[in-house]
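Contents: one structure, followed by commentary.
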Amino acid sequence: MASVLYRLAVPRCSLLRRLAVPRWETQRLKHPGLHRDATKLLAGGNRSLAACSRADSRSQHTAAEVSVEVDLKRLEGQDKGIVEVLMCRHRARNALGHTFVSQMRELVSTLSHDSAVRVVIFRSLVPGVFCAGADLKERALMDNSESDLFVQSLRSLMSQIAVLPTPTVAAMDGVALGGGLELALACDLRTASTSAQMGLIETTRGLLPGAGGSQRLPRMVGVTLAKELIFTGRRVGGQTALELGLVNRAVEQNQSGDAAYKEALALAREILPQAPFAVRMAKEAINRGVEVDIGSAMAIERLCYARVIPTRDRREGMAAFIEKRQPRYTGE
């Protein structure tokens, strides 16, 4: 597991390759005793205690780099088929840094090929925060070329989320700014607490939304309103977001601070009993159809419908209706 986490945590960009740590420090993750032995070796040589202290600091930094910032939880029992993507970069408020994005890409790629997944919920384990947006401290260390490459990877991640074959729900129980809102926009559905704050604030930082926000927001709320929100960098609350059509549901926050998550789970439970393949085809028909003229969209719908006809689930749905019972869908 440690080797897998290490691969996820070490980014591919040239900047962090220059910050790579010695191989023995990474091996410490597999064998905790190795760190103590290595420290003794250093202390027994010509190096000062201060140098040994710096080595300890580097080791601690390495451990931090390989920490889990995005995790996966598969629900069981009656909720089997619902998967949660857990954002847990606590110190940086889920800021979109290299490690966070790398781990998210790995998990999303895994989900895209998992036929057992029926609904995906993106949620935060950081109180009061969904995702604070770009990691500006990391970005400040990048040159123009590195910054462009990183934003490309971020845009690619949002596209990965958008094309997941199963329905996705973003549960915004707190702040969702810049890239954080773009992540939510890449999902099919959004729930929010009324106390949540969200906005594409890039123009206030001398930028523009670069991870799909300038394209997805107009398609969601309309061109003129999207321009107003992006040009001003305005933040809106959960209730206002509901009125604008930015979120599907807005609920009062509860004492545990997870009202939007609970609403997202309730929404996922409404989707869960439906025929999985039919839901996937419905998502494909909608996503592809909205990008073309109505005639082409009808042709897309016909193709998607044709793929549903020979399935066992369609036959089960018809049989359950005739027999007046609940259908038992298998996704086949």
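For this structure, a couple of remarks:
- Local net charge near GLY133, Cβ-Cβ under 13 Å (Lys/Arg +1, Asp/Glu -1): +2
- Heavy-atom accessible surface of LEU200, to the nearest 10 Å², is about 10 Å², with a 1.4 Å probe and all protein chains retained.
- Net charge of Cβ neighbours under 13 Å - reference GLY245; Lys, Arg +1; Asp, Glu -1: +3
- Calculated from backbone phi, Karplus (6.51, -1.76, 1.60) coupling profile of the range 130-147 in Hz, x at Gly/Pro: 8, 7, 7, x, 5, 7, 5, 5, 5, 4, 5, 8, 8, 7, 4, 5, 5, 5
- Distance violations [Cα-Cα > 25 Å] among LYS80/LYS283; LYS73/LYS137; LYS137/LYS227; LYS227/LYS262: LYS73/LYS137; LYS137/LYS227; LYS227/LYS262
- Among ARG249, ARG205, ARG328, the order of accessible area from largest down is ARG328, ARG205, ARG249, computed with a 1.4 Å probe on protein heavy atoms.
- Ranking by accessible area, most exposed first, for LYS283, LYS80, LYS137, LYS227 with a 1.4 Å probe: LYS137, LYS80, LYS227, LYS283
- Residue order for HIS98, HIS90 - accessible surface, 1.4 angstrom probe, largest first: HIS90, HIS98
- Solvent-accessible surface (1.4 Å probe) assigned to CYS304 amounts to roughly 10 Å².
- For the range 237-332: rounded, prolate or oblate by the Cα gyration tensor [a/c cutoff 1.5]: oblate
- The Cβ shell under 14 Å around PRO165 holds other residues with a net charge of +2, Lys and Arg each +1, Asp and Glu each -1.
- Between ILE309 and LEU136, the C-beta separation translates, for a Förster distance of 51 Å, into a calculated FRET efficiency of about 0.50.
- Stretched out straight at 0.36 nm per residue, the stretch from VAL68 to SER145 would grow longer than its current Cα-Cα span by 25.0 nm.
- The length gained by stretching the chain between ARG328 and LEU244 to full extension, at 0.36 nm per residue less their Cα-Cα distance, is 26.5 nm.
- At the residue level, ASP293 shows approximately 90 square angstrom of accessible surface with a 1.4 angstrom probe and all protein chains present.
- Long-range HN-HN contacts of VAL129 with modeled amide H, under 5 Å: VAL175
- Residue-wise HN-Hα coupling along the range 252-268, computed from phi with Karplus coefficients 6.51, -1.76, 1.60 (Hz; x: Gly, Pro): 5, 5, 9, 5, 7, x, 10, 4, 5, 5, 4, 5, 5, 5, 4, 5, 4
- Annotation: amide H of ASN254 within the under-5 Å range of ALA259, sequence separation 5 or more or interchain, hydrogens built in the peptide plane.
- Student exercise, the range 70-272 dipole from Lys, Arg, Asp, Glu Cβ charges, in Debye to nearest 20: 140 debye
The values are calculated or read from the model by the stated rules, or taken from the named source; none is laboratory data. Keep in mind the model is a prediction, meaning the values are calculated, not measured. All Cβ positions, glycine included, derive from the backbone under ideal geometry; neighbour counts span all protein chains shown. Just the protein is used for accessible areas: all its heavy atoms, side chains included, with ligands, DNA and RNA removed. Shrake-Rupley method; radii C 1.70, N 1.55, O 1.52, S 1.80 Å.
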